[in-house]
Each structure stands twice: as C-alpha cells, then as structure tokens.
1. One residue is enough: does segment 62-76 have a residue meeting the conditions farther than 30 Å from residue 221 by Cβ and modelled with pLDDT under 85?
2. So which of 91, 103 is closer than 30 Å to residue 204 by Cβ, assigned by TED's automatic domain parsing to the domain that holds residue 221 and at pLDDT 90 or above?
3. Are any residues in segment 17-57 buried (at least 16 other Cβ atoms within 10 Å of the Cβ) and more than 25 Å from residue 76 (Cβ to Cβ), and if so, which ones?
4. Among the residues in segment 144-151, are any within 14 Å of residue 229 (Cα to Cα) and surrounded by 16 or more Cβ atoms within 10 Å (Cβ to Cβ)?
5. Within the group 129, 119, 137, which residue is surrounded by 11 or more Cβ atoms within 10 Å (Cβ to Cβ), within 30 Å of residue 46 (Cα to Cα) and more than 18 Å from the chain's Cα centre (by Cα)?
C-alpha cells in the first residue's frame, strides 16, 4: 500500500487511511454519502464559506476504494450524473415586448442574483434559447444574474470559477504555480453575457459590465466568503470584437492556444479565443501573488 496519497491538494498518509478504514468499520450502516460528510466534519475539511467539501471527500474515498486501500459499502442508489446526462432547461416563455430607447431612460438597471431562487429556471431557459453557446450547468462556484427594467428581463450574465491554467492571464499577473493554486478562486470568469434579441438600447452591454464589476465581488464575498480581485472572459474573434468589454475598460491580453484544459497532444483543437480581463484594485497583482 502507498505510504502517502495526494488528492485535490490534500496529502493522505497511511495513518489517515487506517483512520478512514476504522471509521467505516465503526459505522457499518452509513452510506457512502454519510461517510463522506462525517469525514469532512472529523477533518474540518470545509470550503471558504464553511460548507463541507463533500464532493471532494467523496472523490477521495472512491480513489482509495478503487486502489484497494479501503472498502466502501455497496452503492445503495444509482443517481443520474447531471453533467454527463444533461437535460435541456425547462422552456419558460419570456416577455418579448421590444425595449427601445436611450440608456438614460432605463437607469438604474435592476440586477438580481438568481442562483438558488425561483427565477433560476428563467435564467437557464433564456440562456439556452438565445445565447449562441446555449446553457451549460456550471461546476464549482458560480453566480447567475437577471437584469430587468420596469419589471421586464432584458439581459443575463453568468460568472463562475476561473480556468486553472491560462497562459496570457498568468503572465499578466506574474504569479507562480503555488500562488495560482492558492488564489485562483479570487478570479471570476464571465461565462455568459446575453442582451436579449428584442432589446435595442445603445451602450447597454458596456454599462451592464460596469455595474457587474461592483456587484459580482460583493456577491462572491457574501456567498463564498472570499474577495474577487480580477474579472476575466473569453471572446470568440470569429463572431465578436469585444467592443462592449473594451468600452467598460477591460484589457485584452492576447489569445488562448486553442488546446483546452485537458490537452494531451499539444495541438490546437478548439476555437482560439481572445482573453480580456478587468483588474478590480490597483494592488491586484500583489494580492493574487501572495
């Protein structure tokens, strides 16, 4: 048996494997999910917001089980993996009355974070219907926003955890691998920005991005208990020029390699995207590199 295991940033030595084995034996009626939650509690293994790292712990237990280091109880219930067997969001019919005019007529915008709220279904449906990439279920930390004027939804925006490795961004920050591992959670990635097709308001997108620069850090702090010091996004240059981001003071850092996060061939096999970022504080490099 290995003297030490490593999983998602945690080293597991032989004594801890013995502890896990004894814990399983002492709780013969516990399911895999229950064992995972109990182990998180015993180890104090928690996210920044205090929630147990249940899914990570479950992955560790499965790793040790498959390696023969521990013996987990039999699976009691087979559940569908929503990431592998994704159902399309439920269709919600929106209010499609045309919205026309100058930006000043509609300020201030009503911006609502709708994740874990009854309006999340509307967000998912709008992105699925009207964004060229459709809807994808986010993994990890994420926020979803509906933007309204006079009670009518006019835009959607989504933010999530940043990609772990991004050459142009990493060179711009100047951090090392250890700092990136510690602080990658302090960057928020704009995965979707959608102005609905019946909305005709000049400068709306750049104004919304300016508002997001204040709202997103506040909501990440409230929900996940950590600050955000940099915003980033990708723009497909075959489709868009990124004008609204530039108008909102975002900075272009260059382009992706097109290889993706799980590249094994060192060959471009995905569309090359432009990388844009918005620092949220003049000391962002210092704080991200600490």
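1. Checking segment 62-76: at least one residue is farther than 30 Å from residue 221 by Cβ and modelled with pLDDT under 85.
2. Of 91, 103, the one residue that is closer than 30 Å to residue 204 by Cβ, assigned by TED's automatic domain parsing to the domain that holds residue 221 and at pLDDT 90 or above is 103.
3. 47 - this is the single residue of segment 17-57 that is buried (at least 16 other Cβ atoms within 10 Å of the Cβ) and more than 25 Å from residue 76 (Cβ to Cβ).
4. The answer is no, given that none of the residues of segment 144-151 is within 14 Å of residue 229 (Cα to Cα) and surrounded by 16 or more Cβ atoms within 10 Å (Cβ to Cβ).
5. Answer to the selection: 119.
The values are calculated or read from the model by the stated rules, or taken from the named source; none is laboratory data. As the structure is a computational prediction, the values presented were derived from the model and not from experiment. We place every Cβ from the backbone using ideal geometry, glycine too, and count neighbours over all the protein chains shown.
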